[in-house]
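One structure is given below, represented as structure tokens, and several questions about it will come after.
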Amino acid sequence: MINETVAVIWALLIATGIFLYVCMDGFDLGVGILFPWLRDREDRDTAVNTVAPVWDGNETWLVLGGGGLFAVFPLAYAVILPALYMPLIVMLLALIFRGVAFEMRFRAETPKQRLWWDRAFSGGSMVATFCQGIALGALVQGIEVEERAYAGGWWDWVSGFSVLTGLALMAGYGLLGACWLIWKTEGALQDRGRELARWLGSLTLGFILVVSLVMPFLQPEFRARWFDFPAILLALPVPVLVVLLAWRFYRALDESEEAARKRPGPVPPRQVLWHDGVPFFCALGLFLLSYIGLGISMWPMIVPPEITIWEAAAPESTQVFILVGAAVLIPIILAYTGYVYWLFRGKVQAGQGYH
Amino acid sequence: MLWDAFPSALDMARFQFAFTVTFHFLFPAFTIGLASYLAVLEGLWLWTKREVYLDLFRYWVKVFAVNFAMGVVSGIVMSYQFGTNWSAFSDRTGPVLGPLLGYEVLTAFFLEAGFLGVMLFGLGRVGKGLHFLATCLVAIGTLISGFWILSANSWMQTPSGYSIGPDGRFLPEDWWAIIFNPSFPLRYLHTITGTFLTTALIVGAVGAWHLLRNGANERARVMFSMAMWMTAAVAPAQLVFGDLQGLWALHYQPQKVAAMEGHWETQRGAPLILFGMPDMEREETRMSLEIPRLGSLILRHDWDGEIQGLKEFPPDQRPTNVPLVFWSFRIMVAAGLLMIALGFVSLWLRWRGTLYRTDWFLRWAVGMGPSGLIAVTFGWITTEAGRQPFTVYGLMRTADSVSPIAAPAVATSLALFIVVYFIVFGAGIWYLFRLFRHPPEAHETGAEAEPPIRTAGITPAPSVGRDRRHGAHPEPAE
């Protein structure tokens, strides 16, 4: 019984960790995805500088996702990772390109070199995002398992649905990136961010709709969750909230635009304009609702359609041993992560002395 | 069949892991020592108020940023590769090893990544004391990270504190015994010392290189002097730690030590084989150059001590590549002996007062730059290849640990890893050399003079005009 409860706690913790990863690396990958639409060099520099002090920490949540799964649900780790072999490997390689390009694009010695690092940064962000989306789609779709091991081939992850989720995540991260730029920049770059956020918002909402329509037909269990009484009572608020949030999102964009128009001059350093942050938090809300919708479909499966969180769970002593540490450390981590974000708060001005 | 000509999926998965982990470890091997060095430099600056330490901090923090980024992204690969390529291993050992890696993330990675931003961009944005704290936390983070990952590795070498469940899984029984397994404390000491030496030798080489160009550069003198003190003090200590670790290995992994020594027959008063060709088919070490009895003296601390040879063990319990273990070990030891010599000579030259202007010595120090990385890499190859054919020593075979991934998939990923690593990290390392080539200057611009700091609005304006991010070169006009 204790073990079962601990497994549930851990499932929620890991789900939270993955969600935090999606929120945080989502916007910094998103900034990379938007590069083709940010042609101006100074804009690109400013955009990268908005995430420079925090991207390392953001990516650490991805390591926590992998490490946490290995520790607490080793069976899930041992089945999911081989099943998603190619998308995961390509994602890791794309993150390498992107991470190194991050450091290197400022150090390029010729415009041509810089262009190549920009391409590595942008391409790496896009490919990593697309692969994460594919991995998600392939997992939701179901993984073939025999005797505690992955039993499918190395191309099983390819499907219309996984490509759909891949594209959906690109739109979603792009949206987060655009909203982040609205919050962290001003002037022409902020206008560009708003423009991008408008159509990426529509695109993301369209993807949410299509994925939601397809999902129930992937597995009978999913269908039961969404269409059978009384489960529908739990599930119904999710789409309703999505609609409300979408409305709030577009209003927030208008408000931010108006505030920018009225502003007489540059925003003082370190001043946080919360109204510019509302679109970002609305976009995060859309992510959260989609994530909860996904959770409603999958619960209590960790590897659909075969393995539940209890079947995948590590023995109790393992789960408790690391839970003790997590209970102490995660609040500390959140505190100092929050502190670092606070330290680098406010608008990032375009660099001087560049030309 | 076409695929018959290719190596097996298992061999390619092994090679992929070896390739990615070897490449990865080059970065932390330098990062761990460099983080502590930066903490020392900043501490000295705050304590003595001498600008030269701040200049050196700023010089090396730029190197640190690039190196750290490469370590992070190549490290994420490692945390996933256990699952992608070694899923059977992960399933069985997850309950024991998973929490060690989980604690590494929770106690170290977040700490490093969180405060790295403050360390790189925060000077001027936070107080000096707080910035120093951030630098120290990053340094401590690297040491904690090493603690957990080496504990996990050591458990694979000397498993303890576990039981085996009916389904073959390793189940934790005693976490203290798991974390502080027999080979861990010395391995930790030996490895961390190795990273300090690695850093000292790179810093020393860069200092020496600039002294050869301009012997009056005070910052180059200071870094070279610090590096040589470190080498002189620590290289001999490392020999002792290595010897102690060898004694432990002899107790827990006699096959590995036999392969390192090239001993096939069990004998009393065994010789020390300096060089030779271990021949696995003939089960002997050919053309060996030996010093009688010295092997027994080193390993047993007794002229007549008995040393077990490889033939004592059935062939399927012996390391699968004896020459690799044998030669890697010799390369590590040779590099270590050269470091000790460098340290002693530096003391002598220092005593004579010619440390900064003895050209042949400066050139030697430049040449020794990569020796720390070489020693650390080959030391790891020795201990990991020597652990074969097991992943968990004596309990789980490498062949039973691998994922059910088809050979073409592993071949594809391996090819991608090789291409991407050489391009990306090649470019990164090339850039590190560009940084090294630049002499450390007075009023060195640091990472904190970079664009993001301008949001603070408190950057001293004069420093803004000439710098470009991390670099002190003027930006070429577009």
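Is it the case that some residue within the range A:88-99 is aromatic (Phe, Trp, Tyr) and open to solvent by 10 Å² or more (accessible area, probe 1.4 Å)?
yes
Any residue in the range A:155-163 that is farther than 19 Å from A:Asp28 by Cβ, of a type in the set (Val, Ile, Thr) and at pLDDT 90 or above?
The answer is yes, given that some residue of the range A:155-163 is farther than 19 Å from A:Asp28 by Cβ, of a type in the set (Val, Ile, Thr) and at pLDDT 90 or above.
Still on this model: Can you tell me how many residues within the range A:100-109 are part of a helix (DSSP H, G or I) and open to solvent by 10 Å² or more (accessible area, probe 1.4 Å)?
Counting residues in the range A:100-109 that are part of a helix (DSSP H, G or I) and open to solvent by 10 Å² or more (accessible area, probe 1.4 Å) gives 1.
Residues B:Gly117, B:Gly129, B:Gly94: which one is open to solvent by 30 Å² or more (accessible area, probe 1.4 Å) and of a type in the set (Gly, Ala, Ser)?
B:Gly129
One line per residue, one yes/no per condition, for (1) in contact (Cβ under 8 Å) with a residue 12 or more places away in the chain; (2) under 17 Å from A:Cys179 (Cβ atoms):
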| site | (1), (2) |
| --- | --- |
| A:Asp25 | yes, yes |
| A:Asp43 | yes, yes |
| A:Thr50 | yes, yes |
| A:Leu62 | yes, no |
| A:Gly67 | no, no |
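So B:Ile76 ticks every box in (1) in contact (Cβ under 8 Å) with a residue 24 or more places away in the chain; (2) under 23 Å from B:Gly428 (Cα atoms) but one. Which box is left unticked?
It is condition (1) that B:Ile76 fails.
Restricting to the range B:61-73, name every residue that is in contact with a Phe, Trp or Tyr (Cβ under 7 Å, 6 or more places away or on another chain) and more than 7 Å from chain A (Cβ to nearest Cβ).
B:Asn67, B:Gly71, listed by residue number.
Scan the range A:303-343 residue by residue and report those that are of a type outside the set (S, T, N, Q), more than 7 Å from every other protein chain (Cβ to nearest Cβ) and over 30 Å from B:Trp176 (Cβ atoms).
A:Val303, A:Pro304, A:Pro305, A:Glu306, A:Ile307, A:Gly338, A:Tyr339, A:Tyr341, A:Trp342
Out of all the residues in the range A:150-172, which are open to solvent by 30 Å² or more (accessible area, probe 1.4 Å) and closer than 18 Å to B:Ser87 by Cα?
Passing the criteria: A:Ala151, A:Gly153, A:Trp154, A:Trp155, A:Asp156, A:Trp157.
With the requirement that a residue be crowded, with 20+ Cβ neighbours inside 10 Å and of a type in the set (A, V, I, L, M), what does the range B:382-413 give you?
Matches in the range B:382-413: B:Ala385, B:Val392, B:Met396, B:Val402, B:Ile405, B:Ala409, B:Val410.
On to the next question. Taking B:Thr158, is it open to solvent by less than 20 Å² (accessible area, probe 1.4 Å) and in contact with a Leu (Cβ under 9 Å, 6 or more places away or on another chain)?
The answer is no for B:Thr158.
Looking at (1) within 20 Å of B:Arg221 (Cβ to Cβ); (2) more than 24 Å from the chain's Cα centre (by Cα), can you tell me which one B:Asp91 breaks?
(1)
Okay, residues lined up against (1) at the interface with chain B (Cβ under 7 Å from one of its Cβ atoms); (2) crowded, with 22+ Cβ neighbours inside 10 Å; (3) under 21 Å from the mean Cα position of the chain (by Cα); (4) within 30 Å of A:Tyr339 (Cα to Cα):
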{"position": "A:Gly66", "(1), (2), (3), (4)": "yes, yes, yes, yes"}
{"position": "A:Phe70", "(1), (2), (3), (4)": "yes, yes, yes, yes"}
{"position": "A:Ala78", "(1), (2), (3), (4)": "yes, yes, no, no"}
{"position": "A:Pro111", "(1), (2), (3), (4)": "yes, no, no, no"}
{"position": "A:Thr129", "(1), (2), (3), (4)": "no, yes, yes, yes"}
{"position": "A:Leu139", "(1), (2), (3), (4)": "no, yes, yes, no"}
{"position": "A:Glu146", "(1), (2), (3), (4)": "no, no, no, no"}
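Hey, another quick one. Given the condition more than 29 Å from the chain's Cα centre (by Cα), on the phi < 0 side of the Ramachandran plot and open to solvent by 60 Å² or more (accessible area, probe 1.4 Å), answer yes or no: does some residue in the range B:316-332 qualify?
Taking every residue of the range B:316-332 in turn, at least one turns out to be more than 29 Å from the chain's Cα centre (by Cα), on the phi < 0 side of the Ramachandran plot and open to solvent by 60 Å² or more (accessible area, probe 1.4 Å).
Moving on to the next point. Just for the range B:75-86: of the residues that are open to solvent by less than 10 Å² (accessible area, probe 1.4 Å) and at the interface with chain A (Cβ under 7 Å from one of its Cβ atoms), which one is nearest to A:Val54 (Cα to Cα)?
The residue in question is B:Ile76.
In the range B:280-312, what residues are in contact with a strand residue (DSSP E or B) (Cβ under 6 Å, 6 or more places away or on another chain), more than 21 Å from B:His251 (Cβ to Cβ) and open to solvent by 30 Å² or more (accessible area, probe 1.4 Å)?
B:Arg286, B:Met287, B:Ser288, B:Leu289, B:Glu290, B:Ile291
Oh, and also: Among the residues in the range B:201-223, are any outside any loop (DSSP other than H, G, I, E, B), farther than 30 Å from B:Thr358 by Cβ, in contact (Cβ under 8 Å) with a residue 24 or more places away in the chain and open to solvent by less than 30 Å² (accessible area, probe 1.4 Å)?
Looking through the range B:201-223, none of the residues is outside any loop (DSSP other than H, G, I, E, B), farther than 30 Å from B:Thr358 by Cβ, in contact (Cβ under 8 Å) with a residue 24 or more places away in the chain and open to solvent by less than 30 Å² (accessible area, probe 1.4 Å).
Restricting the range B:13-56 to residues that are crowded, with 19+ Cβ neighbours inside 10 Å and acidic (Asp, Glu), which is farthest from B:His438 (Cα to Cα)?
Out of the qualifying residues, it is B:Glu42.
I would also like to ask the following. Considering only residues that are of a type outside the set (Gly, Ala, Ser), under 23 Å from the mean Cα position of the chain (by Cα) and open to solvent by less than 30 Å² (accessible area, probe 1.4 Å), which ones fall in the range B:357-381? Spell out the reasoning first.
Here is the first cut: in the range B:357-381, the ones of a type outside the set (Gly, Ala, Ser) are B:357-364, B:366, B:368, B:370, B:373-374, B:376-378, B:380-381.
Filter once more, keeping what is under 23 Å from the mean Cα position of the chain (by Cα): B:364, B:366, B:368, B:370, B:373-374, B:376-378, B:380-381.
Within the range B:357-381, B:Met368, B:Val376, B:Thr377 meet the criteria.
Do any residues in the range B:155-182 that are of a type in the set (Val, Ile, Thr) have Cβ atoms under 6 Å from those of residues that are open to solvent by 30 Å² or more (accessible area, probe 1.4 Å), where the two are at least six apart or on different chains, and which pairs are they?
Correct list of pairs: B:Thr158/B:Pro182; B:Thr158/B:Tyr252.
Would you mind telling me which numbered condition in (1) at the interface with another protein chain (Cβ under 7 Å from one of its Cβ atoms); (2) small (Gly, Ala, Ser); (3) within 27 Å of A:Arg345 (Cβ to Cβ) A:Ala101 fails?
All conditions pass for A:Ala101, except number (1).
Just the residues that are in contact with a helix residue (DSSP H, G or I) (Cβ under 8 Å, 6 or more places away or on another chain), farther than 24 Å from A:Gly142 by Cα and open to solvent by 70 Å² or more (accessible area, probe 1.4 Å), please, taken from the range A:211-247.
Residue satisfying the conditions is A:Leu241 alone.
Tally up the residues in the range B:113-132 that are of a type outside the set (Phe, Trp, Tyr), in contact with a helix residue (DSSP H, G or I) (Cβ under 6 Å, 6 or more places away or on another chain) and facing chain A (nearest Cβ under 8 Å), please.
Within the range B:113-132, residues that are of a type outside the set (Phe, Trp, Tyr), in contact with a helix residue (DSSP H, G or I) (Cβ under 6 Å, 6 or more places away or on another chain) and facing chain A (nearest Cβ under 8 Å) number 8.
The values are calculated or read from the model by the stated rules, or taken from the named source; none is laboratory data. Since the structure is predicted, the reported quantities are computational estimates derived from the model, not experimental observations. For neighbour counting, all protein chains shown are included, and Cβ atoms are generated from backbone atoms with ideal geometry for every residue, glycine included. Quick note on the areas: whole protein, heavy atoms, side chains included, nothing else; ligands and nucleic acids left out. Shrake-Rupley method; radii C 1.70, N 1.55, O 1.52, S 1.80 Å.
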